[in-house]
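A quick write-up on the structure given underneath.
The values are calculated or read from the model by the stated rules, or taken from the named source; none is laboratory data. What you see is a predicted model; the values in this text were computed from it and never measured. FYI the Cβ positions are ideal-geometry reconstructions off the backbone, even for glycines, and counts take in every protein chain you see.
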Amino acid sequence: MRGLLTSLLLLPFFAAGPAFGQTADSAVRAEALLGRMTLEEKVGQLVMTGFDEAFSTDILERGGAGSVISFNDPAAIARAQEKARASRLGIPLLIGLDLLHGFRTLFPMPLAEAASFDAELAARNAELAAREAKPAGLNWTFAPVADVARDPRWGRMIETNGEDALLARDFTRARADGFRRGGLAPTLKHFAGYGAVSGGRDYDAVSVSDFELQNIHLPPFRAALGPITTVMTALTVLNGMPSSANTQLLGTTLRGKWGFDGVVVSDWKAIGGLIDQGIAQDEAEAARIALKAGVDIDMMSGIYARYLAAEAAAGRVSIQEIDGAVRRVLALKFALGLFDTPPPDPSEADRAALTPELRAAARASVRDTSVLLRNEDGVLPLRSGNIAVVGPFADNAFDQLGPHEARGMPEDAVTVLEGIREHAAKTGARVHYAEACDVACEDASGFEAAVDASRTSEVTIVVLGEKREHSGEGASRATLGFPGKQDELLEALAATGKPIVLVVIAGRPLDLRRAAETAPAILMAWYPGTEGGHGVADLLFGDHAPSAKLPISWPRSVGQAPLSYDRLATARPYEPAARYTQRFLDEKIEPLFPFGFGLTYTNFRYSTPVVTPGTDGAAANVSVTVTNEGARAGTEIVQLYMRDDVASRVQPVKRLVRYARIALQPGESRTVEFVLRRDDLGFFDEDGHLIVEPGTFRFGAGPDSTVALDAIFTLAPP
């Protein structure tokens, strides 16, 4: 059968987000309250404190802090709000926490969600996380991460949406919308360019061209601005200037060109970092620089609390500058309804957590985000028979949850081993389990038991990876191999001659060169979260077919990093037989697996795309017909790539401009039509102005970024 699908859900690449800022009513109420405040109370609203051994509620009772971080216990949150509301003006607290992939119920990490190429999945999960967190007393989250990441050495890649600016834009905006629908204020972080830290080293400097900044790193932030949105500055130096002191970034761009009038919060102790970065001589100067640059809330350094009032009294900081920051903080609190609703009842938090709806969504998310990288000889889906399950991550709930676990608990999680056992019990298959080694895998004494389990089974599922402390903040790596002797374990199991299915639990692309020669089937499950075991088992046994695609280029070796499919055109493009071209002497230039790549349990055939002039304001329509040629149903992610042949700035060799998920029955065909506006064909110049130039454009549609750009379209002058 043949149908028609028109891709109108995705806004143009360069479209700004919805109108943002606080409501008129919240601004009026904030102004009235501001007039009743002392200088000390005003400064207090710009101070964020945290829940640790040194925390005292006295600061809340005297109005010395307007927000708190690191609270995830409902009872503790309730006590903190009670103390704040007992202060002279009774101003409630902003309660913030990183909800990068859930609160108590943990979904797959953001990079995994991006592999779904389904922004609505991310929006739904963010809304569910907000609904689960709000009864615990949270009203603010330090998410989503809008950074674009192209270097797998950087541990925080797992918190991002990968290397592509379009995916980053769509998923950042979707998560921000989801958090808002769930009742929390989202925070876009880290403004800006943090994903391009030098050498993949966390907290290192960022040096990118203005052209790259405007076209890669800024669009996700701009697109996701909306009501009750906040923005977090990066800890890093961007092109010679720390983000928390960057008047060009915060003033000219964010508040000026973009018109943002919401709250800007520093990253953890970023204002104190201005001294180490050599921008400020002492804490008093750091306070002045940050406030004047546009940082409203000082997260955890205590510098605003210690120096702002004195700086104002000395005339080095104006009352108007302080009032502007306080006005924005109060407006956010009014817009969130904190003054008009009682604090949540802590007893409601447990009833809102781990509901069947949350668990079902988490399980479905694992199915939609795990990427099938290899499946030689149709090893998957599994057939009946005895199964060996081996590896340090097979029955490891702690590491499966991943970093930034909020209130997630290992005892709530279903491990991969548990999911396989539960499914195998339905078919009568026997499961033989051997851990083989711990997560460090430095001791091979358990390998023999694992090999024995493999020999007595028809297939071996090996679950390897990196522990969660090896991903996330402060977890940069100089190598990408499996830690310890995991590769040796895999090879010992392969020597039995039994088919090997490798399941990878990790936060970044790992070096799979040896594994790809050993394991005929490889499933990248990322850190799958609370329902990881059920979701992985659903895929392995074929109850559901994989559909996810890589949101990153998977390097062959660490020497290729940073790596992205959309590199700029060069005067000497790669030629395999030519030395003086864009190449390595000792490694291929192509990744092991390209951006957008992922297998499933069926095969799809693409027609040649057809480009026609657009109507009703569109620049062009690109249509392609996709046919399911296999024997079972499947979901394909159709990707449309483009290149501008000649432009006034050097352009990428190709870039993603549209994508669509389609489900097809065996033998079914569907025509996907992508509608492109003129803005989609343009780019930003170094000052952030959109440039759309007439000329020749080439398009290609297919299953990943290796697609040929064979369809030609000429854009006429307006």
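Listed by first and then second residue, the pairs with beta-carbon distance under 7 Å, at least 6 apart or on different chains, first residue in the range 491-504 and more than 21 Å from MET524 (Cα to Cα), second polar (S, T, N, Q) and crowded, with 21+ Cβ neighbours inside 10 Å, are THR496/SER454. List the number of the failed condition for GLY251; all other conditions in (1) of a type outside the set (Val, Ile, Thr); (2) more than 28 Å from ALA331 (Cα to Cα); (3) surrounded by fewer than 20 Cβ atoms within 10 Å (Cβ to Cβ) hold. The single condition GLY251 does not satisfy is (2). Being under 28 Å from the mean Cα position of the chain (by Cα) and crowded, with 19+ Cβ neighbours inside 10 Å: is that true of GLY598 here? The answer is yes for GLY598.
For the range 393-405, the condition of being of a type in the set (S, T, N, Q), under 25 Å from ASP511 (Cα atoms), surrounded by 22 or more Cβ atoms within 10 Å (Cβ to Cβ) and out of contact with any Lys or Arg (no Cβ under 6 Å at 6 or more places or on another chain) holds for at least one residue.
Across the range 417-450, the number of residues qualifying as touching a helix residue (DSSP H, G or I) at 6+ places or on another chain (Cβ under 6 Å), surrounded by fewer than 20 Cβ atoms within 10 Å (Cβ to Cβ) and among the aliphatic types (A, V, I, L, M) comes to 1.
Residues of the range 419-438 include none that is touching a Lys or Arg at 6+ places or on another chain (Cβ under 7 Å) and under 30 Å from ALA129 (Cβ atoms).
In the range 30-66, of all residues being touching a Leu at 6+ places or on another chain (Cβ under 9 Å) and among the polar types (S, T, N, Q), the one that is farthest from TRP268 (Cα to Cα) corresponds to GLN45. Scanning the range 571-615 for residues that are in contact with an Asp or Glu (Cβ under 7 Å, 6 or more places away or on another chain) and more than 20 Å from ALA711 (Cα to Cα) yields a total of 5. Just checking, does the range 199-210 include any residue being touching a residue at least 60 places away in the same chain (Cβ under 8 Å) and closer than 14 Å to VAL145 by Cβ? Yes.
Residues checked against (1) surrounded by fewer than 21 Cβ atoms within 10 Å (Cβ to Cβ); (2) within 22 Å of LYS549 (Cα to Cα):
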residue	(1), (2)
ALA618	yes, no
VAL624	no, yes
GLY630	yes, yes
VAL638	no, yes
MET642	no, yes
ARG649	yes, no
ARG658	no, yes
THR671	yes, yes
LEU676	no, no
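In a strand (DSSP E or B), under 19 Å from LEU166 (Cβ atoms), of a type in the set (Gly, Ala, Ser) and out of contact with any Cys (no Cβ under 9 Å at 6 or more places or on another chain), is that true of ALA701? Yes; evaluated as a whole, the condition is true for this residue. Of everything in the range 136-165 that is under 10 Å from the mean Cα position of the chain (by Cα) and assigned to a helix (DSSP H, G or I), the residue that is surrounded by the most Cβ atoms within 10 Å (Cβ to Cβ) is MET157. Among the residues of the range 22-70, those identified as in contact (Cβ under 8 Å) with a residue 40 or more places away in the chain and surrounded by 23 or more Cβ atoms within 10 Å (Cβ to Cβ) are GLN22, LYS42, VAL43, GLY44, GLN45, LEU46, VAL47, MET48, THR49, ALA65, GLY66, SER67. Note on the range 56-92: residues that are modelled with pLDDT under 90 and under 19 Å from GLU41 (Cα atoms) total 3. Among what's in the range 37-55 and is assigned to a loop (DSSP other than H, G, I, E, B) and under 34 Å from the mean Cα position of the chain (by Cα), pick the residue that is modelled with the highest pLDDT. Selected residue: LEU46.
One residue is enough: does the range 597-606 have a residue meeting the conditions modelled with pLDDT of 95 or more, under 21 Å from LEU166 (Cα atoms) and part of a loop (DSSP other than H, G, I, E, B)? Within the range 597-606 (the criterion being modelled with pLDDT of 95 or more, under 21 Å from LEU166 (Cα atoms) and part of a loop (DSSP other than H, G, I, E, B)), the answer is yes, since at least one residue qualifies.
For the range 614-647, a residue qualifies if it is more than 16 Å from ASP680 (Cα to Cα) and part of a loop (DSSP other than H, G, I, E, B), and the qualifying residues are GLU629, GLY630, ALA631, ARG632, ALA633. Listed by first and then second residue, the pairs with beta-carbon distance under 8 Å, at least 6 apart or on different chains, first residue in the range 174-190 and in contact (Cβ under 8 Å) with a residue 24 or more places away in the chain and surrounded by fewer than 24 Cβ atoms within 10 Å (Cβ to Cβ), second assigned to a loop (DSSP other than H, G, I, E, B) and among the polar types (S, T, N, Q), are ARG180/THR229; GLY183/ASN139. Taking the range 459-491 as the range and being aliphatic (A, V, I, L, M) and either buried (at least 19 other Cβ atoms within 10 Å of the Cβ) or within 23 Å of GLU405 (Cα to Cα) (or both) as the test, the residues that pass are VAL459, ILE461, VAL462, VAL463, LEU464, ALA475, LEU480, LEU489, LEU490. Provide a single number: the residues in the range 259-294 that are acidic (Asp, Glu) and over 19 Å from GLN320 (Cα atoms). Of the residues in the range 259-294, 4 are acidic (Asp, Glu) and over 19 Å from GLN320 (Cα atoms).
Could you pull out the residue among PRO666, PRO591 that is in a loop (DSSP other than H, G, I, E, B), closer than 30 Å to ASP210 by Cβ and at pLDDT 95 or above? Every option except PRO591 fails the conditions. Checking the range 541-550 against the condition returns no match, with no residue being among the acidic types (Asp, Glu) and either touching a Lys or Arg at 6+ places or on another chain (Cβ under 6 Å) or crowded, with 24+ Cβ neighbours inside 10 Å (or both). Here the condition is being of a type in the set (A, V, I, L, M) and either out of contact with any Ser or Thr (no Cβ under 8 Å at 6 or more places or on another chain) or in a loop (DSSP other than H, G, I, E, B) (or both); of ALA126, ALA168, ALA133, it holds for ALA126 alone.
Of all residues in the range 647-677, those satisfying the criterion of being over 13 Å from ASN628 (Cβ atoms) and free of Cβ contacts under 8 Å to residues at least 60 places away in the same chain are ALA647, SER648.
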